[in-house]
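Any read-out appearing in this document is the output of simple, stated calculations on the displayed coordinates, not a laboratory observation. If you're wondering where the values come from, they're calculated on a predicted model, not measured in any experiment. Glycine also receives a Cβ, built like all others from the backbone with ideal geometry; neighbour counts cover every protein chain displayed.
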């Protein structure tokens, strides 16, 4: 196996682990792969769905499997609408605008996934996790909104026949995060375990691993 990781800081989390000299997601995966297998990181911290095409241009010819984890930065860009007073005061208007943004995200995500699938390799898709936002009201609003973006990701994945790892069920503890939106060493270890568990051939379409890393 030569596993390729594309997407954003969910997979490229070295910036949030190196200060503590801990392993990142790629390190965790590499340490658990069997002899003769390898993993390559093409994901880039901060990238959105539009950045994946450039990552795929660096795809090595030896690639056998792909993992796509992207969309969180797209969602964050759209969620900013809730900070506008006129939107907050108009619920119907807010829902209508959010629907427009979800439609835009769906178009962008489908195009991104199509670019990944064009390589004709087994592909695993990850959802967006909830993060660890300290303010209870902000956390409630963002968690609800993330559900809608994750629904888009899952529908796109299901339509394409891709297995899915729901990271909302993997990174469930505040200890999994370096800051409100980035996984630390602990979260990265759980993400790595979930990815490798889902790559096992007997897993179902939606894969979930316990925080311990057991299936």
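Within the chain, DSSP assigns beta bridges of which about 10% are antiparallel (rounded to the nearest 5). A Förster radius of 30 Å combined with the Cβ-Cβ distance from residue 137 to residue 104 puts the calculated FRET efficiency at roughly 0.70. Label sites at residue 179 and residue 1, each approximated as a point 7 angstrom past Cα along Cα to Cβ, lie 3.2 nm apart. Across the chain, C-alpha contacts under 8 Å between residues 6 or more apart give a mean separation that, scaled by the residue count, equals a relative contact order of 24 percent.
Of 176, 151, the sequence from fewest to most neighbouring Cβ atoms within 10 angstrom is 151, 176. Give me the base-10 log of I(q)/I(0) for the chain at each q in 0.10, 0.13, 0.18 Å⁻¹, Debye formula, one uniform scatterer per Cα, rounded to two decimals. Here the Debye-derived log intensity ratios amount to -0.41, -0.70, -1.33. Note on the chain: GNM, Cα springs under 10 Å; of 96, 184, 13, the largest mean-square fluctuation is that of 96. Going by neighbour counts of Cβ atoms within 10 Å, the residues 37, 31, 69 line up, fewest first, as 31, 37, 69. Per-residue ellipticity at 222 nm, computed for the chain from helices alone with -39500 (n - 2.57) per DSSP H run of at least four residues, works out to -13500 deg cm²/dmol.
If you average the C-alpha positions of region 152-171 and of region 97-142 separately, how far apart do those two centres end up, in angstrom? Spelled out, the Cα-based centre of one part sits 9 Å from the other. For the pair residue 119 and residue 62, the difference between a 0.36 nm per residue extended length and the Cα-Cα distance amounts to 19.4 nm.
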